[in-house]
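The values are calculated or read from the model by the stated rules, or taken from the named source; none is laboratory data. Since we're looking at a predicted model, the values are computed, not measured. Here the Cβ positions follow ideal geometry from the backbone for every residue, glycine too, while neighbour counts run over all protein chains shown. All accessible areas refer to the heavy atoms of the entire protein, side chains included, with ligands and DNA or RNA removed. Shrake-Rupley method; radii C 1.70, N 1.55, O 1.52, S 1.80 Å.
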Amino acid sequence: MEKFQTLQSGVVPLPIENVDTDQIIPARFLKATTREGFGANLFADWRYAANGQPKADFVLNDPRYQGHQILLAGKNFGCGSSREHAAWALYDAGFRVVISSYFADIFRGNALNTGLLPLQVSDEVLQALFAAVAANPQLPLTVDLSAQTLTVPGRTEAIPFELDAYKKECLLNGYDDIDFLISQEAAITAYEQQRSWIA
(Lines give C-alpha, C1' and ligand atoms only; values in the text may rest on other atoms or scores of the structure.)
Protein backbone atom coordinates (compact mmCIF):
# COMPACT_ATOMS: atom_id res chain seq x y z
CA MET A 1 0.00 0.00 0.00
CA GLU A 2 1.02 3.62 -0.43
CA LYS A 3 2.02 5.51 2.69
CA PHE A 4 -0.63 7.95 3.93
CA GLN A 5 0.53 10.90 5.96
CA THR A 6 -1.03 14.20 4.85
CA LEU A 7 -3.47 14.70 2.00
CA GLN A 8 -4.76 17.99 0.63
CA SER A 9 -7.42 17.56 -2.01
CA GLY A 10 -10.68 18.76 -3.41
CA VAL A 11 -13.87 16.88 -2.66
CA VAL A 12 -16.34 14.83 -4.70
CA PRO A 13 -19.78 15.27 -3.05
CA LEU A 14 -22.17 12.31 -3.04
CA PRO A 15 -25.01 13.36 -0.70
CA ILE A 16 -26.82 10.01 -0.81
CA GLU A 17 -27.50 8.00 2.34
CA ASN A 18 -27.33 4.20 2.68
CA VAL A 19 -25.05 3.66 -0.30
CA ASP A 20 -24.47 -0.09 -0.38
CA THR A 21 -21.56 -2.05 -1.79
CA ASP A 22 -23.57 -3.22 -4.82
CA GLN A 23 -24.10 0.41 -5.78
CA ILE A 24 -20.40 1.12 -5.24
CA ILE A 25 -19.35 -1.80 -7.48
CA PRO A 26 -22.16 -3.90 -9.02
CA ALA A 27 -21.85 -7.67 -8.66
CA ARG A 28 -21.49 -8.29 -12.40
CA PHE A 29 -18.03 -6.71 -12.30
CA LEU A 30 -16.64 -9.01 -9.60
CA LYS A 31 -14.71 -11.20 -12.02
CA ALA A 32 -11.17 -10.60 -10.80
CA THR A 33 -9.31 -11.43 -7.61
CA THR A 34 -6.67 -8.68 -7.84
CA ARG A 35 -7.36 -5.11 -6.82
CA GLU A 36 -6.64 -3.41 -10.13
CA GLY A 37 -9.18 -2.36 -12.74
CA PHE A 38 -12.29 -1.90 -10.60
CA GLY A 39 -12.16 1.90 -10.61
CA ALA A 40 -13.56 2.16 -14.14
CA ASN A 41 -16.79 0.56 -12.90
CA LEU A 42 -17.13 2.50 -9.65
CA PHE A 43 -20.82 3.48 -9.25
CA ALA A 44 -21.34 2.03 -12.75
CA ASP A 45 -25.15 1.99 -12.68
CA TRP A 46 -25.29 5.65 -11.64
CA ARG A 47 -22.35 6.72 -13.76
CA TYR A 48 -23.16 5.23 -17.17
CA ALA A 49 -26.25 4.93 -19.38
CA ALA A 50 -27.32 1.56 -20.81
CA ASN A 51 -25.29 2.28 -23.94
CA GLY A 52 -22.14 2.82 -21.85
CA GLN A 53 -22.06 6.58 -22.27
CA PRO A 54 -21.32 8.68 -19.15
CA LYS A 55 -24.33 10.38 -17.58
CA ALA A 56 -23.68 14.10 -17.51
CA ASP A 57 -25.62 14.60 -14.28
CA PHE A 58 -23.58 12.15 -12.17
CA VAL A 59 -20.94 13.73 -9.98
CA LEU A 60 -18.02 11.53 -11.13
CA ASN A 61 -18.63 12.80 -14.67
CA ASP A 62 -18.62 16.46 -13.61
CA PRO A 63 -15.35 18.07 -14.75
CA ARG A 64 -15.34 20.34 -11.68
CA TYR A 65 -14.45 17.37 -9.50
CA GLN A 66 -11.92 15.57 -11.70
CA GLY A 67 -8.79 14.46 -9.86
CA HIS A 68 -10.21 14.99 -6.39
CA GLN A 69 -9.14 12.29 -3.94
CA ILE A 70 -11.73 12.78 -1.18
CA LEU A 71 -15.26 11.40 -1.48
CA LEU A 72 -17.85 13.11 0.72
CA ALA A 73 -20.65 10.61 1.20
CA GLY A 74 -24.00 10.46 2.95
CA LYS A 75 -24.65 8.62 6.20
CA ASN A 76 -24.28 4.81 6.36
CA PHE A 77 -21.83 4.45 3.51
CA GLY A 78 -20.73 0.95 2.50
CA CYS A 79 -23.69 -0.99 3.90
CA GLY A 80 -24.93 -4.24 2.36
CA SER A 81 -22.72 -7.17 1.40
CA SER A 82 -19.19 -7.54 2.68
CA ARG A 83 -17.43 -7.41 -0.70
CA GLU A 84 -13.96 -5.92 -0.38
CA HIS A 85 -14.14 -4.99 -4.06
CA ALA A 86 -16.07 -1.86 -3.03
CA ALA A 87 -13.00 -0.48 -1.25
CA TRP A 88 -10.78 -1.67 -4.11
CA ALA A 89 -12.91 0.22 -6.65
CA LEU A 90 -12.75 3.47 -4.69
CA TYR A 91 -8.99 3.18 -4.25
CA ASP A 92 -8.43 2.21 -7.88
CA ALA A 93 -10.48 5.24 -8.96
CA GLY A 94 -8.03 7.49 -7.10
CA PHE A 95 -9.81 8.09 -3.81
CA ARG A 96 -7.71 8.05 -0.64
CA VAL A 97 -10.32 9.30 1.86
CA VAL A 98 -14.07 8.80 2.25
CA ILE A 99 -15.82 11.13 4.68
CA SER A 100 -19.20 10.18 6.14
CA SER A 101 -21.06 10.36 9.43
CA TYR A 102 -21.34 6.57 9.60
CA PHE A 103 -19.68 3.59 7.91
CA ALA A 104 -20.72 -0.03 7.85
CA ASP A 105 -18.22 -1.93 10.01
CA ILE A 106 -17.15 -4.43 7.35
CA PHE A 107 -16.65 -1.69 4.77
CA ARG A 108 -14.55 0.28 7.28
CA GLY A 109 -12.28 -2.73 7.79
CA ASN A 110 -11.99 -3.44 4.06
CA ALA A 111 -11.20 0.21 3.37
CA LEU A 112 -8.41 0.35 5.95
CA ASN A 113 -6.96 -2.91 4.64
CA THR A 114 -6.88 -1.36 1.16
CA GLY A 115 -5.20 1.90 2.19
CA LEU A 116 -8.41 3.94 2.01
CA LEU A 117 -9.15 6.12 5.06
CA PRO A 118 -12.80 6.09 6.25
CA LEU A 119 -12.99 9.39 8.12
CA GLN A 120 -16.06 9.66 10.33
CA VAL A 121 -17.50 13.02 11.38
CA SER A 122 -20.71 14.06 13.10
CA ASP A 123 -23.95 14.52 11.15
CA GLU A 124 -23.68 18.28 11.74
CA VAL A 125 -20.14 18.48 10.38
CA LEU A 126 -21.10 16.33 7.39
CA GLN A 127 -23.92 18.67 6.42
CA ALA A 128 -21.65 21.69 6.88
CA LEU A 129 -19.09 20.09 4.56
CA PHE A 130 -21.72 19.43 1.89
CA ALA A 131 -22.79 23.08 2.11
CA ALA A 132 -19.20 24.30 1.87
CA VAL A 133 -18.46 22.15 -1.19
CA ALA A 134 -21.70 23.29 -2.85
CA ALA A 135 -20.56 26.90 -2.37
CA ASN A 136 -17.04 26.15 -3.63
CA PRO A 137 -16.56 22.97 -5.72
CA GLN A 138 -12.78 23.44 -5.51
CA LEU A 139 -12.74 23.63 -1.71
CA PRO A 140 -9.48 22.02 -0.52
CA LEU A 141 -9.60 19.86 2.60
CA THR A 142 -6.49 18.73 4.46
CA VAL A 143 -6.33 15.37 6.22
CA ASP A 144 -3.42 14.99 8.65
CA LEU A 145 -3.25 11.36 9.67
CA SER A 146 -0.55 11.78 12.30
CA ALA A 147 -2.56 14.48 14.08
CA GLN A 148 -5.88 12.79 13.20
CA THR A 149 -7.38 16.08 12.05
CA LEU A 150 -9.43 17.36 9.13
CA THR A 151 -8.82 21.01 8.27
CA VAL A 152 -11.49 22.96 6.40
CA PRO A 153 -10.91 26.49 5.04
CA GLY A 154 -13.03 28.98 6.96
CA ARG A 155 -13.19 26.91 10.16
CA THR A 156 -11.13 28.24 13.04
CA GLU A 157 -10.38 24.79 14.45
CA ALA A 158 -9.43 21.50 12.84
CA ILE A 159 -11.91 18.64 13.15
CA PRO A 160 -10.52 15.63 15.07
CA PHE A 161 -11.34 12.08 14.05
CA GLU A 162 -10.83 8.70 15.68
CA LEU A 163 -8.84 5.82 14.24
CA ASP A 164 -7.61 2.49 15.58
CA ALA A 165 -3.95 2.89 16.57
CA TYR A 166 -2.84 -0.27 14.75
CA LYS A 167 -4.55 0.73 11.49
CA LYS A 168 -3.12 4.23 11.83
CA GLU A 169 0.40 2.81 12.02
CA CYS A 170 -0.27 0.61 9.01
CA LEU A 171 -1.54 3.55 6.93
CA LEU A 172 1.33 5.81 7.94
CA ASN A 173 3.87 3.18 6.89
CA GLY A 174 2.03 1.72 3.91
CA TYR A 175 1.74 -1.67 5.64
CA ASP A 176 -0.79 -4.40 5.14
CA ASP A 177 -1.07 -6.98 7.93
CA ILE A 178 1.78 -9.11 6.54
CA ASP A 179 4.04 -6.07 6.08
CA PHE A 180 3.42 -5.13 9.71
CA LEU A 181 4.43 -8.59 10.93
CA ILE A 182 7.61 -8.44 8.83
CA SER A 183 8.41 -5.04 10.34
CA GLN A 184 8.31 -6.68 13.77
CA GLU A 185 10.78 -9.43 12.83
CA ALA A 186 13.56 -8.21 15.15
CA ALA A 187 11.21 -7.97 18.14
CA ILE A 188 9.73 -11.39 17.40
CA THR A 189 13.20 -12.94 17.10
CA ALA A 190 14.33 -11.37 20.38
CA TYR A 191 11.21 -12.65 22.13
CA GLU A 192 11.71 -16.17 20.80
CA GLN A 193 15.37 -16.16 21.87
CA GLN A 194 14.34 -15.27 25.39
CA ARG A 195 12.08 -18.33 25.41
CA SER A 196 14.62 -20.71 23.83
CA TRP A 197 15.27 -22.45 27.16
CA ILE A 198 11.71 -23.78 27.22
CA ALA A 199 11.62 -27.40 26.08
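Before moving on, here are some points about what is shown:
- Entry note, the chain: relative contact order of 26 percent, from Cα contacts under 8 Å with a spacing of 6+ residues.
- Computed from the Cβ-Cβ distance with R0 of 30 Å, the FRET efficiency linking residue 28 to residue 57 stands at 0.85.
- Simple spin-label estimate for residue 134 and residue 155 gives 1.8 nm between the two label positions (7 Å along the Cα-to-Cβ direction from each Cα).
- Within the straight-line cut-off of under 18 Å between alpha carbons, the aspartates and glutamates reachable from residue 75 are 17, 20, 22, 105, 123, 124, 162, sequence neighbours fewer than 8 places apart in one chain being disregarded.
- Over the residues of the chain, the helix contribution to mean residue ellipticity at 222 nm works out to -9000 deg cm²/dmol, using -39500 (n - 2.57) for each DSSP H run of at least 4.
- Among beta bridges identified by DSSP and lying wholly in the chain, the antiparallel ones come to about 45 percent.
- Loop-located GluC sites (Glu not before Pro) in the stretch 1-100 (DSSP state not H, G, I, E or B) with no more than 15 neighbouring Cβ atoms inside 10 Å: 2, 17, 36.
- When only alpha carbons are used to place a centre, the stretch 8-53 and the stretch 122-167 end up 23 Å from one another.
- The stretch 1-47 - accessible surface per residue (Å², probe 1.4 Å): 55
- Taking amide hydrogens as placed 1.01 Å from N in the peptide plane, the amide H of residue 4 sits under 5 Å from those of 172, 173, 174, each at least 5 positions away in sequence or on another chain.
- Accessible carbon and sulfur surface of the chain relative to its total accessible area, %, 1.4 Å: 51
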